[in-house]
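Here the structure comes first, spelled out in C-alpha cells, and everything after it is commentary.
The values are calculated or read from the model by the stated rules, or taken from the named source; none is laboratory data. From a predicted model like this one, the values you see are computed outputs, not experimental measurements. Cβ placement follows ideal geometry from the backbone for every residue including glycine, while neighbour counts extend to all protein chains displayed. When the accessible area is computed, the model is the full protein with side chains, heavy atoms only, and any ligands, DNA or RNA have been set aside. Shrake-Rupley method; radii C 1.70, N 1.55, O 1.52, S 1.80 Å.
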Amino acid sequence: MKWLTWKELSRSKKVRALYTLVCVLIAGFLQASIIQIFMRPMNLLSSGFTGLAILIEKVTSTFWGFSFSASVGMLVLNIPVAIICGKSISKRFTFFSLMEVFAASIFLEILNWGPLFDDPLLNIIIGGFANGIMVTIALRGNASTGGMDFIALYVSNKIGKSIWSYVFIFNAVILLVFGSMFGWEYAGYSILFQFISTKTIDSFYHRFKRVTMQITTSKADEVIAAYIAECRHGLSRVDGIGGYSGRPVSLLHTVVSSYEVQDIAKLIIETDPNAIINTFKSEDFYGKFYLKPID
C-alpha cells in the first residue's frame, strides 16, 4: 500500500483525518485522566493491554522492588502487536489507534490528578461510565485504544470468525491474577468497572448492531435503484395491493447496520416522499452480511 502525502489527499480525507486526530487525542487525554483519577486511587484494573500494563506496574512495584511504568508498558505491549497486525488490517486504523496509545502514555506521565470522590462505589460508576465514553470517542473517530482490538481484528480477518470470547477469557485471566495477588475485593470492583464501561459503549456505539428495514412504496423501481447505487446490502421485493388505496404497492425488506439507518431512510424519503418505513432490531442474523471496513 502506497502512503500518500498530505498534498495528495483530497479535502474530504483531510477533514476525516483531522477529525480522527482530534478524537484520538481526546481519547488519550481521557484514558490517562481516568487511570489517574479513578483507577489508581481505587486500585482498579481495566481490560485489555492497558489492564495488563497496570498489572505489570503493580507487580513490579510491590514484589520486585522497582516500578515498570504503565505508560511504558502500554507502548511496549502495543507497538509490536500493531506492527504485526497492521499488515492485515487497515493501516489508517492501526496508525491512529497507535497514536491514541502514544497520547495516553504521554498524558499519563504529564498529568498528576488525584481522586475525585472518596466513595469507592461512586468512583467505580463514574469512572466506568467515563471509560466507556472514552472508548466510544476513539471508535467514532475510526480508531481504537489498541491492544486486543488489533489482535481481534487481525484474527477475525484471517479466519473469518469473531474471537471476542477469547478476549473475554484473556481479561478474566488478568483479573484472576490480579485478585489472587492484590485482593478479590478489588478484582470484584474491577469487574463492575468493566461492566459499566462495556454497557456504556454498547449504548453509544452501534456499528456492529443490525437493523431490519421494511419499506412500503409505490415507487419500488426508483427506490431500489437509489438504494443499490448507495448501499452494498441486498434487499427483497414483494409486490401487492394496498389494503386502503387498492393500488399496487411493494414491500421492500433489507437488513443494514444500525449506523446506516438514518442515511438510508433519508435516501428513501427523498426518492419517494410517501414511502412508509418500519425498522426493528435484528437480534440474530444468519447469512452473508456486508460490514463496511474500518478505514
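Residues that are part of a loop (DSSP other than H, G, I, E, B), modelled with pLDDT under 90 and not β-branched (Val, Ile, Thr): does the range 168-179 have at least one? Scanning the range 168-179, I find no residue that is part of a loop (DSSP other than H, G, I, E, B), modelled with pLDDT under 90 and not β-branched (Val, Ile, Thr), so the answer is no.
Considering every residue within the range 272-288, establish whether at least one is at pLDDT 80 or above, open to solvent by 70 Å² or more (accessible area, probe 1.4 Å), in contact with a Gly (Cβ under 8 Å, 6 or more places away or on another chain) and more than 30 Å from Lys87 (Cα to Cα). No, the range 272-288 contains no residue that is at pLDDT 80 or above, open to solvent by 70 Å² or more (accessible area, probe 1.4 Å), in contact with a Gly (Cβ under 8 Å, 6 or more places away or on another chain) and more than 30 Å from Lys87 (Cα to Cα). The set of residues from the range 131-142 being modelled with pLDDT of 90 or more and open to solvent by 30 Å² or more (accessible area, probe 1.4 Å) comprises Ile133, Ile137.
Conditions (1) surrounded by fewer than 19 Cβ atoms within 10 Å (Cβ to Cβ); (2) within 15 Å of the chain's Cα centre (by Cα); (3) among the acidic types (Asp, Glu), marked per residue:
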| position | (1), (2), (3) |
| --- | --- |
| Ala103 | no, no, no |
| Leu108 | no, no, no |
| Gly114 | yes, no, no |
| Ile126 | yes, no, no |
| Ser144 | no, yes, no |
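Yes or no: Thr198 touching a Gly at 6+ places or on another chain (Cβ under 9 Å), surrounded by 12 or more Cβ atoms within 10 Å (Cβ to Cβ) and in contact (Cβ under 8 Å) with a residue 12 or more places away in the chain? Taking the combined requirement at face value, the residue satisfies it. Whenever a residue of the range 175-188 is free of Cβ contacts under 8 Å to residues at least 60 places away in the same chain, its partners that are assigned to a helix (DSSP H, G or I) and loosely packed, with under 12 Cβ neighbours inside 10 Å, lying with C-beta atoms within less than 9 angstrom and at least six residues away or across chains, give the pairs Gly179/Glu185. Could you tell me whether any residue of the range 38-46 is open to solvent by 60 Å² or more (accessible area, probe 1.4 Å), at pLDDT below 90 and not in a loop (DSSP other than H, G, I, E, B)? Yes: one or more hits.
A Cβ distance below 9 Å, combined with a sequence gap of six or more or placement on separate chains, defines the contacts here; from the range 56-84, residues that are of a type in the set (Asp, Glu) reach residues that are surrounded by fewer than 17 Cβ atoms within 10 Å (Cβ to Cβ) and in a helix (DSSP H, G or I) in the pairs Glu57/Val72. Open to solvent by 60 Å² or more (accessible area, probe 1.4 Å) and without any contact (Cβ under 8 Å) to a residue 24 or more places away in the chain - does that describe any residue in the range 208-219? No, the range 208-219 contains no residue that is open to solvent by 60 Å² or more (accessible area, probe 1.4 Å) and without any contact (Cβ under 8 Å) to a residue 24 or more places away in the chain.
Evaluation of Tyr259 against the conditions (1) modelled with pLDDT under 90; (2) under 28 Å from Ser203 (Cβ atoms); (3) open to solvent by less than 20 Å² (accessible area, probe 1.4 Å) shows that the sole unmet condition is (3). Collect the residues in the range 47-67 that are open to solvent by less than 20 Å² (accessible area, probe 1.4 Å) and over 19 Å from the mean Cα position of the chain (by Cα), keeping them in residue-number order. Hits for the range 47-67 are Ala53, Ile54, Leu55, Thr60.
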